[in-house]
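The values are calculated or read from the model by the stated rules, or taken from the named source; none is laboratory data. Note that the coordinates shown come from a computational prediction; the quantities given were computed from them, not determined experimentally. Cβ coordinates were reconstructed from backbone atoms using ideal geometry, including for glycine residues, and neighbour counts include every protein chain displayed.
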Amino acid sequence: MPAIPDLWRPESVYLNTASYGLPPAPAWEALQAALGDWHGGRTSWEPWLEPLEAARREFATMVGARPQDVAVGASVSGLVGLIAASLPRGTRVVAPDIEFTSLVFPFLVQDGFDVAFVPLARLAEAIDAATDVVVLSAVQSASGEVAPLEAVAAAARHHGALTVVDATQACGWLPLDATRVDALVCHAYKWLMSPRGTAFLALREELAARLVPHQAGWFAGGDVLADYYGPPLRLAATARRFDGSPAWFSWIGTAPALEVVNRIGVPVIHAHDVRLANRFRAGLGLEPSDSAIVSADVPGAQGRLERAGVIAAARAGRLRASFHAYTTDADVDAALEALT
């Protein structure tokens, strides 16, 4: 298996990518250079848009989509809100019962929506002819459970329902095919190791045609460097019409981070991450899993790890440890030593 390059310099045993990822050297260096240009007034802002388009292409490559079908924004909830706000009253939504709020709140705030929650294991069987939309995370934030996406997508297609997937806890380590669902949304600051404030939405063309660009602004225009003022409405013909105005420096750090992921290859990162997660699980006496996230009931874990210089998280009352490209066997063993 190809080796993962040494592009990171963590100063701790970092097992918390499910909270935020660590930037690879090319992303960090590009961001520092741009901040230096900003501080010194050495450039205009137009070149700072180029990394955004590079990031759009890299993300499309990663999830098997076309760049023209990918919109960009600043958050998952903002992009999912475009979908929710475009659906009619009476829309019936089905979602897992323990789901991240950024995915479900945009549907819950809509007037006249019927949102039902069921256990993730029963999600596919809960989809029926009355279901209009199914929303779920590809990997659950609280538990690290990998969702049965194929079964859910197949059931949704059978009943004519839309499938909206949040891949924030999956993109970067879990191979995904955006063409299998109607909408795939992802914030890049976790497993894609980017600055916070960059998110992607890959849309099936049929769904894109139904959506209203509620946040349309200058960056959704047909020519973002020319269409600054006045009517008529002239939006981009591609999914770019759903773009939000970009935070320049976040995108400058995002493009090279995604390039690193694609250069290494998601399958390689997947094998590395899951192997280390299962090494950790074995050390805790747990059965192996298919996830890069380990959720375990270990009393006092947070304090013991902190005292040993190990960074992890607590979610839903349990230890949550996550393993990524910069994690090593030695990191896993240091965490286990602190816990056992």
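Before we move on, is Ala199 within 27 Å of Pro88 (Cα to Cα), without any contact (Cβ under 8 Å) to a residue 24 or more places away in the chain and aliphatic (A, V, I, L, M)?
On the way: within 27 Å of Pro88 (Cα to Cα): yes; without any contact (Cβ under 8 Å) to a residue 24 or more places away in the chain: no; aliphatic (A, V, I, L, M): yes.
Answer is no for this residue.
Scanning segment 54-100 for residues that are under 30 Å from Arg122 (Cβ atoms), touching a Pro at 6+ places or on another chain (Cβ under 6 Å) and either hydrophobic (A, V, I, L, M, F, W, C) or touching a residue at least 40 places away in the same chain (Cβ under 8 Å) (or both) turns up Val80, Gly81, Ala84.
The single residue among Ala325, Ala271 that is surrounded by 20 or more Cβ atoms within 10 Å (Cβ to Cβ) and among the small types (Gly, Ala, Ser) turns out to be Ala325.
Can you name the helices (runs of 4 or more DSSP H) wholly within segment 123-214 that have at least 1 residues being under 22 Å from Thr101 (Cα atoms)? Spell out how you get there, then give the answer.
Numbers: elements: 123-126, 149-159, 205-208.
Output list reads 123-126, 149-159.
Hey, does segment 35-51 have a residue that's within 22 Å of Leu184 (Cβ to Cβ) and in the same structural domain as Phe219 (by TED's automatic domain parsing)? Yes, the conditions are met somewhere in segment 35-51. Only one of the numbered conditions (1) aliphatic (A, V, I, L, M); (2) more than 25 Å from Ser291 (Cβ to Cβ); (3) modelled with pLDDT under 95 is violated by Ala142, and that is (2). The single condition from (1) modelled with pLDDT of 95 or more; (2) part of a helix (DSSP H, G or I) that Gly303 fails is (1).
Scanning segment 219-237 finds one or more residues that are in contact with a Ser or Thr (Cβ under 9 Å, 6 or more places away or on another chain), over 20 Å from Ile4 (Cβ atoms) and either surrounded by 17 or more Cβ atoms within 10 Å (Cβ to Cβ) or among the aliphatic types (A, V, I, L, M) (or both).
Within the set Val152, Val224, Val212, the sole residue that is β-branched (Val, Ile, Thr), assigned by TED's automatic domain parsing to the domain that holds Val135 and within 22 Å of Ala129 (Cβ to Cβ) turns out to be Val152. As a summary of the residue check, Thr179 satisfies the conditions (1) in contact (Cβ under 8 Å) with a residue 60 or more places away in the chain; (2) buried (at least 16 other Cβ atoms within 10 Å of the Cβ); (3) under 30 Å from Ile127 (Cα atoms); (4) more than 14 Å from the chain's Cα centre (by Cα) except for the one numbered (2). Exactly one residue out of Gln140, Gln215 is surrounded by 22 or more Cβ atoms within 10 Å (Cβ to Cβ) and of a type outside the set (A, V, I, L, M, F, W, C), and it is Gln140.
Taking the criterion of being farther than 13 Å from Glu53 by Cα and not in a loop (DSSP other than H, G, I, E, B), the residues of segment 221-249 that qualify are Gly221, Leu235, Arg241, Phe242, Phe249.
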